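Asker: Have a look at the structure that comes next, please.
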Amino acid sequence: MERPHPSAVPPAGTWLDEYRERVEEIRARAESARARIATVTATARTRDGAVVLTVDQSGHLTGLVLGVRAEEMPRARLAETVLRLAAEAAADVAGQVEKIMEPLISGPGR
């Protein structure tokens, strides 16, 4: 087996410094993504404003407003509407989080 020419192999200190820089860059990008994800929310609403709800980055309900039109809805339909809107908002949040994470998952260095 042939050994590489000494000038083709970077000095250990250079390699280690480059490795540390890359690890720090990845850490910084991950921290930035974490901070951005922490602020993600989504709001879904009916066209008539009967129901407006907001979910956080985990898809947990953080706000629910039942407008005047909600009083006119049968309870079963109101419940279905709340669940449907919560699922829509959770899907929106998941898409936002995916967009934030995508560069970390498929970006340089991967």
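Asker: Does residue 48 fit the bill of being at pLDDT 95 or above and of a type in the set (Asp, Glu)?
Answerer: yes
Asker: Which count do you get for residues in region 27-38 that are surrounded by fewer than 11 Cβ atoms within 10 Å (Cβ to Cβ) and over 17 Å from residue 95 (Cβ atoms)?
Answerer: The total comes to 4.
Asker: Let me ask something additional. Going through region 55-110 one residue at a time, which ones are closer than 30 Å to residue 23 by Cβ, in a helix (DSSP H, G or I) and open to solvent by less than 90 Å² (accessible area, probe 1.4 Å)?
Answerer: Listed by number, the residues that qualify are 93, 94, 95, 96, 97, 100, 101, 103, 104, 106.
Asker: Out of the residues in region 39-54 meeting the condition of being assigned to a loop (DSSP other than H, G, I, E, B) and crowded, with 16+ Cβ neighbours inside 10 Å, tell me which one is farthest from the chain's Cα centre (by Cα).
Answerer: So the first thing to find is which residues in region 39-54 are assigned to a loop (DSSP other than H, G, I, E, B), and the list is 39-41, 46-50.
Remaining after also requiring crowded, with 16+ Cβ neighbours inside 10 Å: 40, 46, 50.
On the way: 40: 7, 46: 24, 50: 28 Å.
Per the criteria, the residue is 50.
The values are calculated or read from the model by the stated rules, or taken from the named source; none is laboratory data. Everything numeric here is computed off the predicted structure, so don't read it as measured data. Positions of Cβ are generated from backbone atoms using ideal geometry, with glycine treated the same way; all protein chains shown enter the neighbour counts. Accessible surface areas use protein heavy atoms only, side chains included; no ligands, DNA or RNA. Shrake-Rupley method; radii C 1.70, N 1.55, O 1.52, S 1.80 Å.
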